[in-house]
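*Asks:* Let me begin by handing over the structure; questions about it come next.
The values are calculated or read from the model by the stated rules, or taken from the named source; none is laboratory data. What you see is a predicted model, and the numbers here were worked out from it, not measured in a lab. Neighbour counts are summed over all protein chains in view; Cβ atoms, including those assigned to glycine, are modelled from backbone coordinates with ideal geometry.
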Amino acid sequence: MRRLSALFARRWLTWLLGGLTLASAAAAVWLGNSQKEIHPADKESSELASATAAGAENTVWMDTSQQDTLGIVTAPVTTGIASAVFSAPGQVVPDESQYAYITPRAKGIVREVKAQIGQFVRKGELLATIDSWEVAQARLKLIDGLMRLEVAQANLNWQETVYQNSLDLIEALRKDPDPDQVQKQFGKRPIGRVREQLLTAYAQYHLSRIAAQRYEKLSAKDAVPLDLAQQKQAAYQVDQATFQGLMDRVAFEVTLEYIRARQALREARTAVKVARETLRVYGVPIDKIAEQFKSGELNGDKHRHEPNKTFQEAARAVIAPSPDVAELIKSQEEPVSTYELRAPFDGTVLERDQIVPGVVVDGTHRLFTMAGLETVWLEAYVHESDFDLLSRSKRGRVEFTSPAYPGEIFKGSVLYTGDMVDPKSRMVRLLATAQNPENKLKPGMFVTIEVHSEDIRQVPKVPVSALLTDNDAFYVFVQTDPEHFERRQVVVGRRKGNEAAIDRGLKPGERIVIQGAFELKAKAQIHRAGG
């Protein structure tokens, strides 16, 4: 009996396990078929439920009493112009437009030194005087050139008068006037050496013509032999040809002399220009007479032909001494070898070479270094990561500080944003300018520069106190209703003071937590932990 009972129990257990296996397989088949028949609406409901669950994890609930207790303050998101700000280390350098090395242009010997290191000098103030043979030669060439120029101008005036009067005389003689009439008309007009030639030849031609006409009439009456009349006629023709040839030759000669006089004047002008330019290269101020030459007062073509000019008037125009040249000669009684080095602008003498009277100097010696420090430049090198802001900073303003003046902020404006990247440092040079009325900013001083430029984009802005961080990400709490706050990740742009621009994640008008955000962060962490 005991064996039968055990056998029966084992068979019953085997049947039971088999039934359970079949039931499990049937249930799996049924479950698979039922999943294939899920309705789309049910699927959307499932996804919405998942999203709601995920959103719920980023949403913090807090009633108004708790908000008051924790000091939660909200405010709407505002908009404003994005301010592009970046900083860079830099240093103070002299304004290159007010910076100069004072060197002698010509070799010479120092006569006197006036300026000292640190001395403030005005534009045109004397720094030093130098004696130079090269400068003396240049000045003397200018004087000689001006004298020759005056002679050339006088010669041109004379030749122009002779030229015009000679042509007028030739034109009058071609009309066969009476010699007395010619003498009366041109007796007081300057004609030069051609007067005698022309009037003598014309008188001979006039007498030969009268003689030929008389003998022709006498021959017609058989009062004189025919051959004698023919001889007189031949003599007349010879004198006529001689006179006409002389008129042509005189016209050519006076024209040529006039052209030569004009060319001589041009050469004299060129010589004066060369002398003036030589002095300019040497850095020597041009004398008053040279300035008058430049303006045309001395060598301008002011002469105008006056047909009835008398000998006295023509002579006075030629030999009258120029008061300008006389003044120049008088002024050059002082040594012509001495010239002065003067300050090119208002500024401070930063350096001075070891020069004393008697030292020989030339163009290789830097006698003085000057700079105008009322305005200085700031030189900085901008890193590659800020190149996008650099391109928008061409009209930006700068603020900078220096360890020499703790707590003091100086202001300036961008002067130049570099166009070339240094291949080694991968940086771009930036120049700014700043006023320095109190002379606090010294060349070589290190500064930290902040460059501010306004962007035309209107972007959302939030207080910096509203920003929280999670690793490298920023987020804020957005108030979705009076008792719910959503944690939302944002992309933060440039900051300016206590404000930060939001490039992505917020819209203007949304309310965010600007005070008490850390308390909400702590409550959100407790909520996610299931507390």
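*Asks:* Any idea which residue in segment 60-86 is modelled with the highest pLDDT, counting only those that are surrounded by 17 or more Cβ atoms within 10 Å (Cβ to Cβ) and assigned to a strand (DSSP E or B)? Spell out how you get there, then give the answer.
*Replies:* Narrowing segment 60-86 to residues surrounded by 17 or more Cβ atoms within 10 Å (Cβ to Cβ): 60, 62, 67, 72, 74, 77, 82-86.
Applying the additional criterion that residues be assigned to a strand (DSSP E or B) yields 60, 74, 82-86.
Working: Val60: 86, Thr74: 92, Ala82: 69, Ser83: 64, Ala84: 65, Val85: 71, Phe86: 75.
Here the answer is Thr74.
*Asks:* Then there's this: Test each condition in (1) at pLDDT 90 or above; (2) under 28 Å from Thr401 (Cα atoms); (3) buried (at least 16 other Cβ atoms within 10 Å of the Cβ) for Gly418 and report the one that comes out false.
*Replies:* The single condition Gly418 does not satisfy is (1).
*Asks:* Output the residues belonging to segment 87-128 that are crowded, with 17+ Cβ neighbours inside 10 Å and among the aromatic types (Phe, Trp, Tyr).
*Replies:* Matches in segment 87-128: Tyr99 only.
*Asks:* Scan segment 417-431 residue by residue and report those that are closer than 15 Å to Pro94 by Cα and either under 16 Å from the mean Cα position of the chain (by Cα) or among the charged types (D, E, K, R) (or both). Full working, then the answer.
*Replies:* Start the filter on segment 417-431 by keeping residues that are closer than 15 Å to Pro94 by Cα, which leaves 430-431.
Listed by number, the list holds a single entry, Leu431.
*Asks:* Taking the criterion of being hydroxyl-bearing (Ser, Thr, Tyr) and farther than 21 Å from Asn155 by Cα, would at least one residue in segment 229-240 satisfy it? Step through it out loud before you land on a result.
*Replies:* Step one: list which residues in segment 229-240 are hydroxyl-bearing (Ser, Thr, Tyr), which gives 236.
Checking the rest, the ones that are also farther than 21 Å from Asn155 by Cα come to 236.
Within segment 229-240, one or more residues are hydroxyl-bearing (Ser, Thr, Tyr) and farther than 21 Å from Asn155 by Cα.
*Asks:* Can you spot a residue in segment 509-516 that is in contact (Cβ under 8 Å) with a residue 40 or more places away in the chain and loosely packed, with under 14 Cβ neighbours inside 10 Å? I'd like the intermediate steps shown before the answer.
*Replies:* Within segment 509-516, the first condition is being in contact (Cβ under 8 Å) with a residue 40 or more places away in the chain, and the residues that meet it are 509-516.
Those still in the list that are loosely packed, with under 14 Cβ neighbours inside 10 Å too: 509.
Within segment 509-516 (the criterion being in contact (Cβ under 8 Å) with a residue 40 or more places away in the chain and loosely packed, with under 14 Cβ neighbours inside 10 Å), the answer is yes, since at least one residue qualifies.
*Asks:* Under the condition of being of a type in the set (Phe, Trp, Tyr) and in contact (Cβ under 8 Å) with a residue 40 or more places away in the chain, which residue from segment 444-485 is farthest from Gln515 (Cα to Cα)? Let's see the steps before the verdict.
*Replies:* We begin by selecting, within segment 444-485, every residue of a type in the set (Phe, Trp, Tyr); these are 446, 474-475, 477, 485.
With the extra rule that they be in contact (Cβ under 8 Å) with a residue 40 or more places away in the chain, the set shrinks to 446, 477, 485.
Numbers: Phe446: 39, Phe477: 10, Phe485: 13 Å.
If we take residues in segment 444-485 being of a type in the set (Phe, Trp, Tyr) and in contact (Cβ under 8 Å) with a residue 40 or more places away in the chain, then Phe446 is farthest from Gln515 (Cα to Cα).
*Asks:* Sticking with this structure for a sec: Working only within segment 178-196, note down all residues that are surrounded by 15 or more Cβ atoms within 10 Å (Cβ to Cβ) and either of a type in the set (Ser, Thr, Tyr) or more than 60 Å from the chain's Cα centre (by Cα) (or both). Don't jump to the end; show me each part of the working.
*Replies:* Kept after step one, since they are surrounded by 15 or more Cβ atoms within 10 Å (Cβ to Cβ), are these residues of segment 178-196: 182, 186, 189-192, 194-195.
Within segment 178-196, Val182, Phe186, Val194, Arg195 meet the criteria.
*Asks:* Okay, next question. Of all the residues that make up segment 404-442, how many are in a loop (DSSP other than H, G, I, E, B) and free of Cβ contacts under 8 Å to residues at least 12 places away in the same chain? Quick ask: steps written out before the conclusion?
*Replies:* Of all residues in segment 404-442, those in a loop (DSSP other than H, G, I, E, B) come to 404-409, 422-426, 436-442.
Checking which are free of Cβ contacts under 8 Å to residues at least 12 places away in the same chain leaves us with 406-409, 423-424, 438.
Number of matching residues: 7.
*Asks:* Counting just the residues of segment 497-506 that are buried (at least 18 other Cβ atoms within 10 Å of the Cβ) and under 38 Å from the mean Cα position of the chain (by Cα), which one comes out nearest to Gly80 (Cα to Cα)?
*Replies:* Among residues in segment 497-506 that are buried (at least 18 other Cβ atoms within 10 Å of the Cβ) and under 38 Å from the mean Cα position of the chain (by Cα), the one nearest to Gly80 (Cα to Cα) is Ala501.
*Asks:* Kindly provide the set of residues from segment 489-518 that are part of a loop (DSSP other than H, G, I, E, B), in contact with a Phe, Trp or Tyr (Cβ under 9 Å, 6 or more places away or on another chain) and among the aliphatic types (A, V, I, L, M), ordered by number.
*Replies:* none
*Asks:* Residue check: is Leu389 modelled with pLDDT of 90 or more and within 19 Å of Met420 (Cα to Cα)? Let's see the steps before the verdict.
*Replies:* Details: modelled with pLDDT of 90 or more: no; within 19 Å of Met420 (Cα to Cα): yes.
So Leu389 fails the test.
*Asks:* Something else: Inspect segment 111-128 for any residue being assigned to a helix (DSSP H, G or I), in contact (Cβ under 8 Å) with a residue 24 or more places away in the chain and either assigned by TED's automatic domain parsing to the domain that holds Val349 or not aliphatic (A, V, I, L, M) (or both) and give the result as yes or no. Working first, answer last.
*Replies:* Step one: of segment 111-128, the residues assigned to a helix (DSSP H, G or I) are none.
No, segment 111-128 contains no residue that is assigned to a helix (DSSP H, G or I), in contact (Cβ under 8 Å) with a residue 24 or more places away in the chain and either assigned by TED's automatic domain parsing to the domain that holds Val349 or not aliphatic (A, V, I, L, M) (or both).
*Asks:* Still on this structure: When you go through (1) within 60 Å of the chain's Cα centre (by Cα); (2) modelled with pLDDT under 85; (3) under 26 Å from Phe252 (Cα atoms) one by one for Met147, which number turns out not to apply?
*Replies:* Condition not satisfied by Met147: (3).
*Asks:* Kindly establish whether Ala106 is part of a loop (DSSP other than H, G, I, E, B) and touching a helix residue (DSSP H, G or I) at 6+ places or on another chain (Cβ under 6 Å). Before the answer, list the steps.
*Replies:* Numbers: part of a loop (DSSP other than H, G, I, E, B): yes; touching a helix residue (DSSP H, G or I) at 6+ places or on another chain (Cβ under 6 Å): yes.
It is true that Ala106 is part of a loop (DSSP other than H, G, I, E, B) and touching a helix residue (DSSP H, G or I) at 6+ places or on another chain (Cβ under 6 Å).
*Asks:* Among the numbered conditions (1) modelled with pLDDT under 85; (2) over 33 Å from the mean Cα position of the chain (by Cα), tell me where Arg457 comes up short.
*Replies:* (2)
*Asks:* Something else about it: I'm trying to understand the selection: among the residues of segment 129-144, which are buried (at least 22 other Cβ atoms within 10 Å of the Cβ) and part of a helix (DSSP H, G or I)?
*Replies:* Val135, Ala138, Arg139, Leu142
*Asks:* Identify, from the list Glu267, Glu253, Glu291, Glu277, the residue that is modelled with pLDDT under 85, under 60 Å from the mean Cα position of the chain (by Cα) and either of a type outside the set (Val, Ile, Thr) or assigned to a helix (DSSP H, G or I) (or both). Walk me through how you get there before you give the answer.
*Replies:* Numbers: Glu267 fails: modelled with pLDDT under 85; Glu253 fails: modelled with pLDDT under 85; Glu277 fails: modelled with pLDDT under 85.
So the residue among Glu267, Glu253, Glu291, Glu277 that is modelled with pLDDT under 85, under 60 Å from the mean Cα position of the chain (by Cα) and either of a type outside the set (Val, Ile, Thr) or assigned to a helix (DSSP H, G or I) (or both) is Glu291.
*Asks:* Touching a helix residue (DSSP H, G or I) at 6+ places or on another chain (Cβ under 7 Å), under 30 Å from Val447 (Cβ atoms), of a type in the set (A, V, I, L, M, F, W, C) and modelled with pLDDT under 90: is that true of Val382 in this structure? Working first, answer last.
*Replies:* On the way: touching a helix residue (DSSP H, G or I) at 6+ places or on another chain (Cβ under 7 Å): yes; under 30 Å from Val447 (Cβ atoms): yes; of a type in the set (A, V, I, L, M, F, W, C): yes; modelled with pLDDT under 90: yes.
Here the answer is yes, as Val382 does meet what is asked.
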